[in-house]
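Notes follow the structure.
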């Protein structure tokens, strides 16, 4: 699952944006040595013993990667403009809005239909990077 898409993501501080998927951080993790953050799934640490930071290219040991619950809690009050409609609110309420209002999304470029916003965002990220 990639980060969270929103119309106003480009107005947010870059510390809230994942350097891999370029979306708002979802389940942020932190490379503690330099403080850089990623979406938990975007880092894709797997069985690697070290991870190369995409921001500074430094190698970071698995033991220096932490789930950043405090930062995730701070993000709950981020102002969000829905990517798909004119709804505005805070990040803490955004997933509920998405679940209630936006299912069966269609990619205008490829004509594919998606049963969740997460699948739609993964499609966008994978097709932008290819």
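Please give the length that would be gained between residue 103 and residue 67 if that part of the chain were fully extended, namely 0.36 nm times their separation in residues minus their C-alpha to C-alpha distance (nm, one decimal).
Details: separation 36, 0.36 × 36 = 12.96 nm, distance 2.93 nm.
Once the chain is fully extended between residue 103 and residue 67, it gains 10.0 nm.
Is the shape of region 76-130 rounded, prolate or oblate, going by the alpha carbon gyration tensor and its root eigenvalues a ≥ b ≥ c, with a/c under 1.5 for rounded and a/b larger than b/c for prolate?
On the way: a/c = 2.39, a/b = 1.74, b/c = 1.37.
Prolate.
Could you work out how far helix 117-129 tilts from the main Cα principal axis of the chain, as a 0 to 90 degree angle to the nearest 10?
Value to nearest ten degrees: 60.
Mind jotting down the distance between the C-alpha centroids of region 7-24 and region 67-130, whole Å?
The two parts, judged by their Cα centres, are 12 Å apart.
Kindly rank 15-24, 64-73 from highest to lowest mean number of other beta carbons found within 10 Å of each residue. Present the calculation step by step, with values, prior to reporting the outcome.
Working: 15-24: 19.2, 64-73: 14.5.
Listed from highest to lowest mean packing, they are 15-24, 64-73.
Against the longest principal axis of the chain, how steep is helix 91-101, in degrees 0 to 90 to the nearest 10, with axes from Cα atoms?
40
At 0.36 nm per residue, minus the direct Cα-Cα distance, what do residue 8 and residue 77 gain on full extension? Give it in nm, one decimal, please.
Numbers: separation 69, 0.36 × 69 = 24.84 nm, distance 1.40 nm.
Roughly 23.4 nm would be gained on extension.
R0 = 30 Å: FRET efficiency of residue 93 with residue 57, Cβ-based, nearest 0.05? Display every interim value, and only then the final one.
Values: r = 37 Å, r/R0 = 1.22.
Step by step, r from the Cβ atoms, then E = 0.25.
Taking the Cα atoms of the chain alone, what are Rg (to one decimal) and Dmax (as a whole number) in Å?
Calculated on Cα positions, Rg and Dmax stand at 15.3, 44 Å.
Only the coordinates and a few stated rules stand behind these numbers; no lab work does. For clarity, every value in this text was computed on a predicted model and none was experimentally measured. Positions of Cβ are generated from backbone atoms using ideal geometry, with glycine treated the same way; all protein chains shown enter the neighbour counts.
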